[in-house]
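Working notes, structure below.
What follows is calculated from the coordinates using simple rules that are stated; it is not laboratory data. None of the values given here were measured: they were computed from a predicted structure. Because the Cβ atoms are built from the backbone with ideal geometry, glycine has one as well, and the counts that use them run over all protein chains shown.
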Amino acid sequence: MADNESLNSWKTLSSELVYESPWIAVHKHQTINPAGNPALYSVVNFKNLAIGILPLSDEGYTWLVGQWRYPLNAYSWEIPEGGGPLGEHPLETARRELKEETGIVAETFEEIMQLHLSNSATDEHAFVFLATGLSFEESEPEESEDLKVRKVHIDEAFQMTLDGEITDAISVAAIMKVKYLLEKGGIASLSQQHIK
């Protein structure tokens, strides 16, 4: 199998930072594209990892978080998610975000996937965890978060993805992966008699 660099048919001539915030940086790149022609390519670089956590009870229930998503101008139901500093282990972010957004504390976290989100325009990298062995405390949302928490069976969450009620990419991928693992018996820690 060829290494990544040998598969790269783009050539970067120059790069310029055009915008920066505490969360993102936007760079404009002058390039030569795969056809050998000059091309402008803009990339959004994220300063945090994207972390998603799907909490799952022994009875097959999960918890969704609802909030208004400013870029979409729409309300969104999602699994608990947050941003993790690049120097912090994704698991530490997962523990913190799950507790902050839902009040859930989990005994066990298992990384079930990594994703690259909108990879034609950004370098955003997501880690997704399954959380089990759940206990419940008070949530601690950030001031920018007006959250509603909803308990649903994993089957209902899966149907919500099929019906387009859940459109967030991390949430859709996580719900489908966990549904698949449950059907294949790949989540041994759960009491299978409770799972459809």
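Taking Cβ atoms as reference points and 11 Å as the exclusive limit, the residues near Leu56 contribute a net charge of -2, counting Lys and Arg as +1 and Asp and Glu as -1. Alpha-carbon geometry of the stretch 4-46: the Rg and the Dmax are 11.9, 36 Å, given in that order.
When the charge dipole of the chain is built from unit charges on Cβ atoms (+1 for Lys and Arg, -1 for Asp and Glu) and taken about the Cα centre, the candidate among Ser9, Pro80, Thr102 whose Cα reaches farthest toward its positive end is Ser9. If I take every Cα pair under 8 Å that is 6 or more residues apart in the stretch 57-188, average their sequence separation and divide by the length, what percent do I get for the relative contact order? In percent, rounded to a whole number, it is 29.
Projecting the alpha carbon convex hull of the stretch 33-163 along each direction and taking the average yields 10.3 nm².
Using only side-chain charges placed at the Cβ, +1 for Lys and Arg and -1 for Asp and Glu, the dipole size of the chain relative to its Cα centre rounds to 620 debye.
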